[in-house]
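A short worksheet on the structure shown next.
The values are calculated or read from the model by the stated rules, or taken from the named source; none is laboratory data. Quick caveat: nothing in here was measured; it's all calculated off a predicted structure. When we count neighbours, we look across all protein chains shown, and the Cβ atoms used for this are built from the backbone with ideal geometry, even at glycine.
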Amino acid sequence: MRPFTYHRATDLGDAVASLGAQATILAGGTTVVDLMKLEVMTPSTLLDITGIAELTGFDTTGDPLRFGALARMADVARDPVLVTDYPALSGSLWQAASPQLRNAATLAGNLLQRTRCYYFRDTSYPCNRRAPGSGCAAQDGVNRMHAVLGGSEHCVATHPSDWAVALVAFDAVLHLRSARGERTLPVGQLYRLPGDTPHLETTLEADELITAISVPATAAGHRSCYLKVRDRESYAFATASAAVGLELDGGSVRAARIALGGVATVPWRARAAEAILVGQPLSEDSARRAAEAAFEGARPLAHNGFKIELGKRTVVEALMTAARKG
């Protein structure tokens, strides 16, 4: 780990005033500290915001649901309203990381965690995210866990967040603060496709801080599901996942929400799949047609072609599970 300066913000105003191109935010620390030890991240300044109490609260009783950026994953996951009325949101948190990490990690920090691509985390390999222009070792390397959607010749790393997938499905919005003022940003617009600049991962400005996350209240929350398929039951990232929500009118679908994780370079909203379901009775057949649409244009690599069929089956199972809820 290389030398760095450390500043602990006393309040939100202090944090915003201290932000800039040289500062890396420290919240839960479950990603930043790991990557500093590996010298994948070498910040010159750490800005510790963990003492800002006004960012730790959350309220699931209103419209929209509102979550402070520093609310802990474990606290939000066990919220009784979320468990009952938005099982996809609660489930995406319960199925992430380990109990110890969920007790420490924050909601906004989870959204901004870096990819778990092993080539990104091992500095002996070329990686365009870590060192722009150096190459992408995953293209011809071991790429079983890499993306089949949204990749480019410069990067095929999957996005690691389960929470982000659920938020994208439910049209969540970020509340941002900088010295220039405040703005909102849909979570779906936070992430950049890698293209030829994979080192530019988000649309946040260097001086912007996430202060809160809001989720519009929706009837689709009652019939929702987050289904995560992984190599082991706990403490593993998704091989394929799906966050879905349904509004049913009798036996027909009035509205559908589908987002994919573990298979794409960003949390992947499958709008074409949603459109196929609307106005149709929900059945295994219609769910399969939606799943086929969700993976239209998927581009497998040498070792991850199985993800396409696995991802489709995950979508079907998540839809059928959600339909049984409510």
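List of remarks:
- Test: residue in region 176-190 that is buried (at least 18 other Cβ atoms within 10 Å of the Cβ), in the same structural domain as Ile258 (by TED's automatic domain parsing) and closer than 19 Å to Leu12 by Cβ: yes
- Here is the figure for region 258-290: residues that are closer than 16 Å to Glu317 by Cβ, in contact (Cβ under 8 Å) with a residue 60 or more places away in the chain and in contact with a helix residue (DSSP H, G or I) (Cβ under 7 Å, 6 or more places away or on another chain) total 5.
- Residue in region 39-55 that is within 16 Å of the chain's Cα centre (by Cα) and either in the same structural domain as Leu319 (by TED's automatic domain parsing) or not basic (Lys, Arg) (or both) present: no
- Residue, farthest from Val76 (Cα to Cα), within region 196-238, restricted to residues that are small (Gly, Ala, Ser), at pLDDT 95 or above and under 19 Å from the mean Cα position of the chain (by Cα): Ala238
- Hey, Ala21 small (Gly, Ala, Ser) and either in a helix (DSSP H, G or I) or within 19 Å of the chain's Cα centre (by Cα) (or both) or not: no
- Taken together, the residues in region 281-326 that are assigned to a helix (DSSP H, G or I) and surrounded by 14 or more Cβ atoms within 10 Å (Cβ to Cβ) amount to 25.
- Filter result (part of a loop (DSSP other than H, G, I, E, B) and surrounded by 16 or more Cβ atoms within 10 Å (Cβ to Cβ)) within region 57-87: Thr60, Pro64, Ala69, Leu70, Ala71, Asp79, Tyr86
- Total residues in region 24-55 satisfying the condition of being of a type in the set (A, V, I, L, M), under 15 Å from Ala69 (Cα atoms), part of a helix (DSSP H, G or I) and in contact with a helix residue (DSSP H, G or I) (Cβ under 9 Å, 6 or more places away or on another chain): the figure is 1.
- Tally of residues being among the small types (Gly, Ala, Ser) and within 12 Å of Thr239 (Cα to Cα) across region 306-326: 1
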